[in-house]
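Shown next, in structure tokens, is the structure this report addresses.
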Amino acid sequence: MKNPDLVIRKAKLPGQANLQDIVVKDGRITSVSDRAAEKGKNEIDAGGRLVSPPFVDPHVHLDAVLTVGSPRYNLSGTLIEGIRIWGERKDELTTADVKKRAAEAIRWEVVQGTQYIRTHVDICDPDLTALHALVELKKEVKDIVELQIVAFPQDGIIRYPGGAVLLEKALAAGADVVGGIPHHERTREDGLESLDIVFKLAGEYNKDIDVHTDETDDDHSRFAEYLAAKTIKEGFKGSVAASHTTAMHSYNNPYAFKLIGLLKEAGINVITNPLDNIALQGRFDTYPKRRGLTRVKELLAAGVNVAIGHDSIMDPWYPLGRGSMLEAAFMCLNVTHMTGYEEMEQIFDALTYNPARIFRLEGYGIEAGNPANMIILNAGSKINALRQGAEALYVIKEGRVVARTEPARRYCREEEVRLEVPGIYE
């Protein structure tokens, strides 16, 4: 019997008291045990570090990444000015421009542990330039990352002339998911009509749905309830994601908890984007200022599947960001007051298993028989990974190392300093 292709020694797996050896052959995990007898063609000593399934980024805008300051900076920092700036930048898009920037941001995410990315792509463009560019790029980067493309009508399906036609063209051209933005339509009635179009096209093209939903501080923006009710009526349970839902932060409590129950009933996946929304929401407040994030803690407590997205990477809406899912999660756990021990572990799962459900990933997780997709983080636990923003020392896809990081070494008075305290958060 031939030697395995890869053996990872002394891996710390969540829920396992003892360190584990992970054996990989032909791109799949063949065993996970306290001590593997086989010698691999290649071996990695994890040294007690956390080995996790790869991160899943369920919400980013790869067509807009790295455009900050072009053609101008967002001086107000508001969502609406970001949309206006992007409207100007869209006129300059070319296939080469989109692919170059998106490929760079993808590498940033992959080297930090992400192997699955759902990108929203603006299709309010008669030529569908960005959409075609990312359909091409999806094939070119499949050895390091799996892309899902959402046909996203940034300027509205009803509001933008021919928006519904362009949305259907985008699906025919290779988009994987149907998007929408009902709160950006001119009226509530137009917003409801736009959601009807989303469900109609999703049914015709057999696609999942991911809608920018109530991304506003306006407590009268209540499209999430229609999205959930429509999901139940049309038989889409488990196939629909509501991204942002920041207005939920401002709803009165009786309505918010009624809505959370409806979202649970409908099997709606909620995607929160902490980096963007903590910066964009509450801009019209004096003091006290609203945080503007959706009710992550309450949604999770009710059994709603909640995932964390990165959203923007240096674009008109968010001038910062470096493609780190751990950074997005760190922001989330602080802003949502989820610093309890079990809550912090829940936040880590919102980067892994929760978004994996949205992607409908089969064989996700470090178990015998699954594809050998995993990351080795420079930390000994989920919580320490979040606390430190731990480097992904190795990113392994189908048994191949596709990215690696050499960690910084720190010294104080010539003594090496480690950023973990043994026995804490282990």
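The values are calculated or read from the model by the stated rules, or taken from the named source; none is laboratory data. Note that the structure is predicted; figures quoted are calculated from it, not measured. Ideal geometry is used to build each Cβ from the backbone, glycine not excepted, and the neighbour counts take in all protein chains shown.
Out of Ala17, Ala11, which single residue is in the same structural domain as Ala372 (by TED's automatic domain parsing), in contact with a strand residue (DSSP E or B) (Cβ under 7 Å, 6 or more places away or on another chain) and aliphatic (A, V, I, L, M)? Of the residues listed, the single one that is in the same structural domain as Ala372 (by TED's automatic domain parsing), in contact with a strand residue (DSSP E or B) (Cβ under 7 Å, 6 or more places away or on another chain) and aliphatic (A, V, I, L, M) is Ala11.
If you go through segment 171-201 and keep only what is assigned to a helix (DSSP H, G or I) and touching an Asp or Glu at 6+ places or on another chain (Cβ under 7 Å), you end up with His183, Gly191, Ser194, Phe199, Leu201. Could you please let me know if Arg101 is in the same structural domain as Gly163 (by TED's automatic domain parsing), surrounded by 13 or more Cβ atoms within 10 Å (Cβ to Cβ), at pLDDT 95 or above and within 19 Å of Trp317 (Cα to Cα)? Considered against the rule, which asks whether it is in the same structural domain as Gly163 (by TED's automatic domain parsing), surrounded by 13 or more Cβ atoms within 10 Å (Cβ to Cβ), at pLDDT 95 or above and within 19 Å of Trp317 (Cα to Cα), Arg101 comes out as yes.
When segment 297-341 is filtered for residues that are hydroxyl-bearing (Ser, Thr, Tyr) and over 29 Å from Arg89 (Cα atoms), the ones remaining, listed by number, are Thr336, Thr339, Tyr341. Going through (1) crowded, with 21+ Cβ neighbours inside 10 Å; (2) at pLDDT below 95 one by one, Val65 falls short only on (2). When each of Leu300, Leu326 is tested for being part of a helix (DSSP H, G or I), touching a residue at least 60 places away in the same chain (Cβ under 8 Å) and either out of contact with any strand residue (DSSP E or B) (no Cβ under 6 Å at 6 or more places or on another chain) or farther than 26 Å from Pro71 by Cβ (or both), the lone residue that passes is Leu326. It is to be established whether one or more residues within segment 273-291 are in a loop (DSSP other than H, G, I, E, B), surrounded by fewer than 19 Cβ atoms within 10 Å (Cβ to Cβ) and hydrophobic (A, V, I, L, M, F, W, C). Yes, the conditions are met somewhere in segment 273-291. For segment 361-398, how many residues meet the condition of being assigned to a loop (DSSP other than H, G, I, E, B) and touching a residue at least 12 places away in the same chain (Cβ under 8 Å)? Summing the residues that are assigned to a loop (DSSP other than H, G, I, E, B) and touching a residue at least 12 places away in the same chain (Cβ under 8 Å) in segment 361-398 gives 18.
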